[in-house]
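Please read the structure below before turning to the comments.
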Amino acid sequence: MLRVKYLYTMKLTSLLILFFMVLLAPVYGQEAGKRDSIADQKYREDQLYVAITFNLLVNKPEGVSQNGFSGGLHFGFIRDMPLNKRRNWAIGVGAGLSMNTYNENLFIGERDNQETIFEVIPPTIAYNKNWLSTYQLEIPLQLRWRTSTASTFNFWRIYTGLQLGYVYAYKANFEQVGNKVIQTDIPELQRYKLGANFAFGYGTFNFYFYYSLTPFFKDAMAQSGQSIELNTFKLGLVFYIL
């Protein structure tokens with residue numbers, strides 16, 4: 001049953017990716033054509049974006065640590081709404097998807113009474129993998145400053161703001177020799193997210209930072225009695241495509 005549910009999630013993610021590509025391709029073509037044909041003084045920096053991040057867990061309880069690579073892939077579209085005549089200040093509102101993986105030593109399981117188990121895996125326990133993956137819908141809200149003009153495509157930018165999110169699927173996976181635990185129902189996991197983001201750079205390549213203001217879990221307790229929340233700090237590169 002868990003495998004069927006996970007396969008359904010992967011199919012849903014693939015369909016959402018395809019939907020975004022089909023929806024945004026005409027918009028990209030039309031905007032690029034306008035910028036190429038005439039220096040339109042009413043231009044907007046509507047953009048496709050793709051970000052690759054390294055994901056760090058912060059606000060960790062004692063004993064929790066990351067191991068292996070934890071990364072994220074983010075992509076979507078942002079609509080640009082200039083605020084001044086020069087059009088170098090704007091508000092950006094977008095929609096996107098992200099897929100994130102966190103490799104760490106926090107085991108997430110379930111008792112017979114469906115109570116969630118949170119337990120730090122001690123160094124004496126041998127295991128092959130232990131990770132949590134999430135699939136999230138995102139709505140970035142940005143205040144944008146740039147040095148662009150109607151006829152320039154490479155320019156300096158600083159974008160900052162908030163990001164709303166909804167985790168529509170997730171999976172905790174633990175594997176060791178002779179034992180495998182997959183958890184796709186974690187009541188303590190907070191599906192609605194709020195985070196702060198910041199990007200700066202020149203041209204297509206830009207540095208990207210994100211901090212989750214909403215922790216992963218609510219009312220989650222480890223076997224030792226420690227409260228478990230966990231926040232995410234992401235750093236990486238974001239590519240903006242006009």
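Values in this text are rule-based calculations from the coordinates and carry no lab data. All values derive from a computational prediction rather than experimental measurement. Cβ placement follows ideal geometry from the backbone for every residue including glycine, while neighbour counts extend to all protein chains displayed.
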task = List the extent of the Cα atoms of the range 107-242 along each of their three principal axes, largest first, rounded to whole Å.
result = 63, 29, 23
remark   = Protection proxy (average C-beta count within 10 Å per residue), highest first, orders 149-156, 90-97, 45-52 as 45-52, 90-97, 149-156
ask   = Using a Cα distance threshold of under 26 Å, what count of lysine pairs results for the range 63-203 when pairs must be 8 or more residues apart or interchain?
value = 4
inquiry  = Under 5 Å between amide hydrogens, which residues at least 5 positions from GLY161 or on another chain qualify, with H placed 1.01 Å from N in the peptide plane?
reply    = LEU143, ASN197
message = Can you give the FRET efficiency to the nearest 0.05 for LEU194 and PHE54, using r as the Cβ-Cβ distance and R₀ = 22 Å?
response = 0.55
task = With a point put 7 Å past each Cα toward its Cβ, work out how far GLU62 is from LEU141 in nm, to one decimal.
result = 3.9
ask   = Can you list the HN-Hα couplings for the range 56-66, worked out from phi with the Karplus curve (6.51, -1.76, 1.60; θ = phi - 60°), rounded to whole Hz and with x for Gly and Pro?
value = 10, 8, 10, 6, 7, x, 4, x, 7, 9, 8
ask   = What nm value, rounded to one decimal, do you get for the distance between THR204 and GLN176 when each label is placed 7 Å out toward the C-beta?
value = 4.6
request  = Could you pull out every residue, at least 5 positions away or on a different chain, whose amide H is within less than 5 Å of the one on ARG87? Hs are placed 1.01 Å off N in the peptide plane, and Pro or chain starts have none.
outcome  = none
